[in-house]
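The structure appears below as structure tokens.
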Amino acid sequence: MANSWEPYFPYHIEHIVAKQHGGSDDPPNLAFACHHCNRIKGPNLSSIDPDSGLITSLFHPRLEHWADHFAREGSRLRGLTATGRTTVYLLQMNAPHRMELRDLNSVDF
Ligand SMILES: [Zn+2]
């Protein structure tokens, strides 16, 4: 669900491993996340890979490298691995309003 004010409050402090799963408030367990991703991720650590149907861990921004798991194709993000596909799927990273924001933030230098 898009919020018209979302672009003005782009980042929340997100617990990578939710406190209910034993995650701490220490910096290695914290990451910036947009409102949309933080709300949808909730306490999830995994989801279902849409290609294989297998339970798969979500991308861990402190332990993994973005470019190993994701590619940007225009305004669309593509998961390159099971982790990338699962994260794109769970976080609804290609929802129309997310792709629209990517288009707005694309600048040619
Ligand atoms: Zn996000």
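Based on Cα contacts under 8 Å between residues 6+ apart, segment 1-91 shows a relative contact order of 23 percent. As a proxy for reagent exposure, ranking M93, M99 by other Cβ atoms within 10 Å from fewest up yields M99, M93. Only helical runs count toward this figure. For the chain, summing -39,500 (n - 2.57) over DSSP H runs of n ≥ 4 and dividing by all residues gives -7000 deg cm²/dmol at 222 nm.
Rounded if a/c is under 1.5, else prolate if a/b beats b/c, else oblate: with a ≥ b ≥ c from the C-alpha gyration tensor eigenvalues square-rooted, which is segment 8-105?
Oblate is the answer for segment 8-105, as a/c is 1.5 or above yet b/c matches or exceeds a/b.
Each reported figure results from applying straightforward, stated rules to the coordinates on display, with no laboratory input. What you see is a predicted model; the values in this text were computed from it and never measured. Counting neighbours? That spans all protein chains shown, and the Cβs are built from the backbone with ideal geometry, glycine included.
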